[in-house]
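*Asks:* Dumping the structure here so I can ask a few things about it.
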Amino acid sequence: MPKKSTEDSENSRARYTLLTLFRREPILLEFAMSDTLIEETLLESPAQLPYYIEGKETGFPSIHATVSQTESGTYFLTKPGVTLLSKPQVHLLNLAPFLEGFDPALGFSDYLEDETPLPDAAQLCKTAGQLCYASFGPKRTQNDNASRYFRNILSSGHGSVLEHANFSFLFYGISRSVTHELVRHRAGVGFSQLSQRYVSGAVLRFVERPEYQNDEELHRLFVERIDHAAHDYARIADALLARQKTGSEILSGEAKTDLRKKVQQTARSVLPNETEAPIVVTANVRAWRHILEMRASPHAETEIRELAFRTYLCLAAADPVLFADYKTVKLSDGTYGVETETEKV
Ligand SMILES: Cc1cc2nc3c(=O)[nH]c(=O)nc-3n(C[C@H](O)[C@H](O)[C@H](O)COP(=O)(O)OP(=O)(O)OC[C@H]3O[C@@H](n4cnc5c(N)ncnc54)[C@H](O)[C@@H]3O)c2cc1C
């Protein structure tokens with residue numbers, strides 16, 4: 001049976017989240033930059049969202065996942081862990097010499113006097129977009145109207161300005177099946193995934209699908225399966241190592257690393273799709289939006305939808321302006337997704 005202590009803490013986090021949603025004020029305070037947008041997103045759905053977003057006060061939100069162990073000691077996770085590692089930082093003052101180089105009557109220097117701060121990613125995209133029309137003077141859209149500015153960008157399909165802002169996440173507690181789907185997204189996305197060739201069985205963990213988690217028999221079968229998989233992996237790795245030492249040609253290699261890779265790249269053939277595959281994903285906002293729309297959709301597979309929905313919650317917490325058009329939907333299978341009227345900008 002899995003250890004329960006960490007699950008209890010997840011439950012208490014979920015209860016905390018529900019309270020937070022009902023009370024509303026903490027959320028509004030924490031998203032002081034664009035309160036109404038987040039309020040709309042959350043309140044659009046009457047569903048109670050059982051998520052605890054950590055780190056909002058730092059601007060780097062996470063929804064972490066707990067780790068359990070079988071009685072035999074095999075590690076497994078039941079939910080995706082999503083943690084924001086990086087986001088844009090903007091230094092608008094560097095525009096000053098550029099803005100001062102135009103006719104003072106245009107009032108371009110006024111651009112730096114805007115008193116409404118925006119999240120850096122939104123500011124970067126807005127500034128990039130405003131450069132296109134030299135919209136730096138007093139008649140430009142001010143930051144307090146940024147939501148209207150981005151509604152126009154989205155509805156007119158001018159998505160290229162969203163390509164300036166990149167967000168990097170570590171995803172863990174996700175299966176190799178999910179990362180296989182995730183890496184199909186090519187445009188504007190970068191990946192670094194744990195190498196099953198380089199890394200040994202010491203970091204082997206597995207992911208339990210939601211369908212198995214509340215079913216005694218399916219959970220028991222999962223536990224049996226991952227214990228066997230971990231055991232099989234260790235056994236085949238030992239057997240390969242023994243053959244390597246006695247001179248097997250196909251397992252031979254020059255450097256120590258090559259030798260290890262030769263063993264591990266072969267031994268991984270026994271690992272199931274439910275093996276965990278941690279990955280760092282960097283994408284620009286245009287690409288993230290496309291990924292959310294494809295993967296937090298009712299048509300997406302359940303595990304990747306959970307990952308995409310958590311990613312959406314973290315992105316919306318980090319930058320409430322750029323993801324303000326998304327609405328949370330509760331799907332008939334009890335999972336959550338997002339939808340927007342301005343798809344694929
Ligand atoms: C529900 C669902 C089911 C799926 N089922 C299958 C399946 O059965 N089999 C399968 O193989 N895949 C399947 N996929 C994967 C899907 O076909 C895409 O490969 C994946 O969603 C990546 O999306 P994308 O092609 O939009 O690429 P992204 O890289 O996310 O690209 C974003 C956009 O940029 C443009 N773009 C990117 N690259 C190019 C290019 N080379 N040329 C021109 N325009 C480009 C396109 O407009 C594209 O939509 C499925 C995806 C989903 C969401």
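The values are calculated or read from the model by the stated rules, or taken from the named source; none is laboratory data. Remember, predicted model here, so these are calculated numbers, not experimental data. For neighbour counting, all protein chains shown are included, and Cβ atoms are generated from backbone atoms with ideal geometry for every residue, glycine included.
*Asks:* I need the full set of residues from the stretch 200-217 which are of a type in the set (A, V, I, L, M) and either assigned to a helix (DSSP H, G or I) or farther than 20 Å from Phe171 by Cβ (or both), in order please.
*Replies:* Passing the criteria: Ala202, Val203.
*Asks:* Search the stretch 224-248 for residues that are part of a helix (DSSP H, G or I) and pair each with any residue that is surrounded by 14 or more Cβ atoms within 10 Å (Cβ to Cβ) and aromatic (Phe, Trp, Tyr) when their beta-carbon atoms are under 9 Å apart and the residues are at least 6 apart or on different chains.
*Replies:* Between residues of the stretch 224-248 that are part of a helix (DSSP H, G or I) and residues that are surrounded by 14 or more Cβ atoms within 10 Å (Cβ to Cβ) and aromatic (Phe, Trp, Tyr), the close pairs are Arg225/Phe206; Ile226/Tyr75; Ile226/Phe76; Ile226/Phe206; Ala229/Phe206; Ala230/Tyr75; Ala230/Phe206.
*Asks:* Could you grab me the full set of residues in the stretch 92-112 that are touching a helix residue (DSSP H, G or I) at 6+ places or on another chain (Cβ under 8 Å), surrounded by 11 or more Cβ atoms within 10 Å (Cβ to Cβ) and at pLDDT 95 or above?
*Replies:* Those that are touching a helix residue (DSSP H, G or I) at 6+ places or on another chain (Cβ under 8 Å), surrounded by 11 or more Cβ atoms within 10 Å (Cβ to Cβ) and at pLDDT 95 or above: Leu92, Leu95, Ala96, Leu99, Glu100, Phe102, Phe108, Tyr111, Leu112.
*Asks:* I'd like to check something: does the stretch 236-246 contain any residue that is exposed (fewer than 14 other Cβ atoms within 10 Å of the Cβ) and under 24 Å from Leu77 (Cα atoms)?
*Replies:* no
*Asks:* Still on this structure, please answer the following. Tell me which of these Thr78 doesn't satisfy, since it passes every other one: (1) modelled with pLDDT under 50; (2) more than 15 Å from Asp319 (Cβ to Cβ); (3) surrounded by 16 or more Cβ atoms within 10 Å (Cβ to Cβ).
*Replies:* Of everything listed in (1) modelled with pLDDT under 50; (2) more than 15 Å from Asp319 (Cβ to Cβ); (3) surrounded by 16 or more Cβ atoms within 10 Å (Cβ to Cβ), Thr78 misses just condition (1).
*Asks:* Sticking with this structure for a sec: Which residues, counting only those in the stretch 301-324, are more than 14 Å from the chain's Cα centre (by Cα) and buried (at least 21 other Cβ atoms within 10 Å of the Cβ)?
*Replies:* Of everything in the stretch 301-324, those that are more than 14 Å from the chain's Cα centre (by Cα) and buried (at least 21 other Cβ atoms within 10 Å of the Cβ) turn out to be Pro320, Val321, Leu322, Ala324.
*Asks:* In addition: Taking the residues in the stretch 168-178 that are touching a Leu at 6+ places or on another chain (Cβ under 8 Å) and not in a loop (DSSP other than H, G, I, E, B) as candidates, determine which candidate is nearest to the ligand (Cβ to nearest atom).
*Replies:* Val178
*Asks:* Right, another one. Among Arg220, Arg289, which is the only one that is buried (at least 21 other Cβ atoms within 10 Å of the Cβ), basic (Lys, Arg) and either closer than 18 Å to His180 by Cβ or out of contact with any Cys (no Cβ under 7 Å at 6 or more places or on another chain) (or both)?
*Replies:* Only one candidate passes the filter, namely Arg289.
*Asks:* Here's something else I'd like to know. Please determine whether any residue of the stretch 150-167 is basic (Lys, Arg), away from the ligand (no atom under 16 Å from the Cβ), surrounded by fewer than 20 Cβ atoms within 10 Å (Cβ to Cβ) and in the same structural domain as Tyr326 (by TED's automatic domain parsing).
*Replies:* No, because not a single residue in the stretch 150-167 is basic (Lys, Arg), away from the ligand (no atom under 16 Å from the Cβ), surrounded by fewer than 20 Cβ atoms within 10 Å (Cβ to Cβ) and in the same structural domain as Tyr326 (by TED's automatic domain parsing).
*Asks:* Here's something else I'd like to know. Considering only the stretch 274-291, I want to know if a residue exists there that is out of contact with any Asp or Glu (no Cβ under 9 Å at 6 or more places or on another chain), away from the ligand (no atom under 16 Å from the Cβ), part of a loop (DSSP other than H, G, I, E, B) and modelled with pLDDT of 95 or more.
*Replies:* The answer is yes; a qualifying residue exists.
*Asks:* In the set Arg197, Arg186, Arg220, which member is at pLDDT 95 or above, in a loop (DSSP other than H, G, I, E, B) and not hydroxyl-bearing (Ser, Thr, Tyr)?
*Replies:* Arg186
*Asks:* Among (1) within 16 Å of the ligand (Cβ to nearest atom); (2) of a type outside the set (Ser, Thr, Tyr); (3) touching a strand residue (DSSP E or B) at 6+ places or on another chain (Cβ under 8 Å), which single condition is Glu181 missing?
*Replies:* Going through the list (1) within 16 Å of the ligand (Cβ to nearest atom); (2) of a type outside the set (Ser, Thr, Tyr); (3) touching a strand residue (DSSP E or B) at 6+ places or on another chain (Cβ under 8 Å), Glu181 breaks only (3).
The rows are residues; the columns are (1) within 16 Å of the ligand (Cβ to nearest atom); (2) assigned to a strand (DSSP E or B); (3) under 21 Å from Phe167 (Cα atoms); (4) not assigned by TED's automatic domain parsing to the domain that holds Ala283.
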residue: Ile304; (1), (2), (3), (4): yes, no, yes, no
residue: Leu307; (1), (2), (3), (4): yes, no, yes, no
residue: Arg310; (1), (2), (3), (4): no, no, yes, no
residue: Ala316; (1), (2), (3), (4): no, no, yes, no
residue: Pro320; (1), (2), (3), (4): no, no, yes, no
residue: Phe323; (1), (2), (3), (4): no, no, yes, no
residue: Val329; (1), (2), (3), (4): yes, yes, no, no
residue: Ser332; (1), (2), (3), (4): no, no, no, no
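*Asks:* Further question on the same structure: Residue by residue through the stretch 102-155, note down the ones that are acidic (Asp, Glu) and assigned to a helix (DSSP H, G or I).
*Replies:* Result: Asp110, Glu113, Asp120, Asp144.
*Asks:* Take the conditions surrounded by 17 or more Cβ atoms within 10 Å (Cβ to Cβ) and either without any contact (Cβ under 8 Å) to a residue 40 or more places away in the chain or within 15 Å of the ligand (Cβ to nearest atom) (or both) and apply them to Lys262. Does it pass?
*Replies:* yes
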